[in-house]
1. Quick test of your reading of the structure: Ser114 fulfils all but one of (1) in a helix (DSSP H, G or I); (2) touching a helix residue (DSSP H, G or I) at 6+ places or on another chain (Cβ under 6 Å). Name the failing condition by number.
2. If you take the residues in the range 1-52 that are of a type in the set (Ser, Thr, Tyr) and under 21 Å from Ser114 (Cα atoms), which one is farthest from the chain's Cα centre (by Cα)?
3. Looking at (1) of a type outside the set (A, V, I, L, M); (2) in contact with a Cys (Cβ under 6 Å, 6 or more places away or on another chain); (3) surrounded by 18 or more Cβ atoms within 10 Å (Cβ to Cβ), can you tell me which one Tyr73 breaks?
4. For the range 56-65, does any single residue satisfy the condition of being modelled with pLDDT of 95 or more and within 30 Å of Glu139 (Cβ to Cβ)?
5. Filter the range 10-53 for residues that are small (Gly, Ala, Ser) and either surrounded by 12 or more Cβ atoms within 10 Å (Cβ to Cβ) or at positive phi (or both) and give the result.
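The values are calculated or read from the model by the stated rules, or taken from the named source; none is laboratory data. Computed from a predicted structure; not experimentally measured. Please note: Cβ atoms are built from the backbone with ideal geometry, for glycine as well, and neighbour counts cover all protein chains shown.
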Amino acid sequence: MYHDLCVSSLRSNPHSAGADVKGLARIMLELFRDKTIDNIVQVKKLQRTATDPVIQRCLEVCSTEYGLANETYIPVAFKYFESNSMAEALTNTGWAYDEVETCEEEFGEEHRSSPLTARNNYAMHISRIAEDIMSILVEKAF
């Protein structure tokens, strides 16, 4: 679905050249984690400068949602990934995706333009790529 992003992301990682499917999934899961961490930092910066109370509330939702993604779902996804429980890793990655999506949707529900759209979309696309690669591993297990 996001072929060009997948290829460019993997090419930018020196470990991808010799990686098997699990290694490629790990690279994308790590990139998803890193992007969500970057986005949390951006949310905190925006919270300090936002003057619109509605935007402030939306950013608070984003802070909560990204916190859940980064403190719960992504670490659990890694735990399952490393233990070869790919279906569970896939599920938790999907839940982390949902948290990012909720952040983005909050602005629309409040009829505000999200200052995080590009960042949220990038993180969600990376998540979907990681999920697609993990799906291959789930299928191989059956």
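1. Looking at each condition in turn, Ser114 falls short on (1).
2. Of the range 1-52, the ones of a type in the set (Ser, Thr, Tyr) are 2, 8-9, 12, 16, 36, 49, 51.
Next, from what is left, pick out any that are under 21 Å from Ser114 (Cα atoms): 36, 49, 51.
Details: Thr36: 6, Thr49: 24, Thr51: 27 Å.
Among them, the one singled out is Thr51.
3. Just one mismatch for Tyr73, condition (2).
4. From the range 56-65, those modelled with pLDDT of 95 or more are 56-65; that's our starting set.
Remaining after also requiring within 30 Å of Glu139 (Cβ to Cβ): 65.
Looking for residues that are modelled with pLDDT of 95 or more and within 30 Å of Glu139 (Cβ to Cβ), one finds at least one in the range 56-65, hence yes.
5. In the first step, residues of the range 10-53 are kept if they are small (Gly, Ala, Ser); the result is 12, 16-19, 23, 25, 50.
Correct list: Ser16, Ala19, Gly23, Ala25, Ala50.
Conditions (1) of a type in the set (Val, Ile, Thr); (2) free of Cβ contacts under 8 Å to residues at least 12 places away in the same chain; (3) within 24 Å of Leu5 (Cα to Cα), marked per residue:
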site	(1), (2), (3)
Lys45	no, yes, no
Asp98	no, yes, yes
Glu105	no, yes, yes
Gly108	no, yes, no
Arg112	no, no, no
Tyr122	no, no, yes
Asp132	no, no, yes
Leu137	no, no, yes
